[in-house]
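Trainee: Take this structure first; my questions come after.
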Amino acid sequence: MDHVHVEAIGFKDMHPHQVDALFAFIELALRVADQSENEQKFQEVFESATDAVLLFGGSGIEIKINPVC
């Protein structure tokens with residue numbers, strides 16, 4: 001296979017509003033998947049979101065559970 005040079009942008013290259021919008025979308029997608037109460041669907045969305053973050057140079061996604069008081 002020939003080596004192909006691919007130019008890609010990362011979070012450091014993006015405008016802060018672009019980064020904020022991407023993470024807001026990811027958070028919304030994860031919340032909707034969680035509300036579906038389907039563990040398999042949530043896992044699919046989580047894996048897709050993690051892949052997207054990694055592709056833009058991030059280190060993944062961490063989910064924190066806030067207890068309801």
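Trainee: In the range 25-48, what residues are of a type in the set (Lys, Arg) and either in contact with a Gly (Cβ under 6 Å, 6 or more places away or on another chain) or under 15 Å from Ile65 (Cα atoms) (or both)?
Mentor: Arg31
Trainee: Can you tell me which residue within the range 3-31, out of those that are touching a residue at least 12 places away in the same chain (Cβ under 8 Å) and assigned to a helix (DSSP H, G or I), is surrounded by the fewest Cβ atoms within 10 Å (Cβ to Cβ)?
Mentor: Lys12
Trainee: Sort out which residues of the range 34-69 are among the polar types (S, T, N, Q) and farther than 24 Å from Gly10 by Cβ, and write them in order of number.
Mentor: Gln35, Ser36, Asn38, Gln40, Gln43, Asn66
Trainee: Could you check the range 32-56 and list, in sequence order, the residues that are of a type in the set (D, E, K, R), part of a helix (DSSP H, G or I) and either surrounded by fewer than 10 Cβ atoms within 10 Å (Cβ to Cβ) or under 11 Å from the mean Cα position of the chain (by Cα) (or both)?
Mentor: Matches in the range 32-56: Glu47, Asp51.
Since every read-out is calculated from the coordinates, none of them should be taken as a lab result. Bear in mind the structure is a predicted one, so any value in this text is a computation, not a measurement. Don't worry about glycine lacking a Cβ; one is built from the backbone with ideal geometry, like all the others, and counts go over all protein chains shown.
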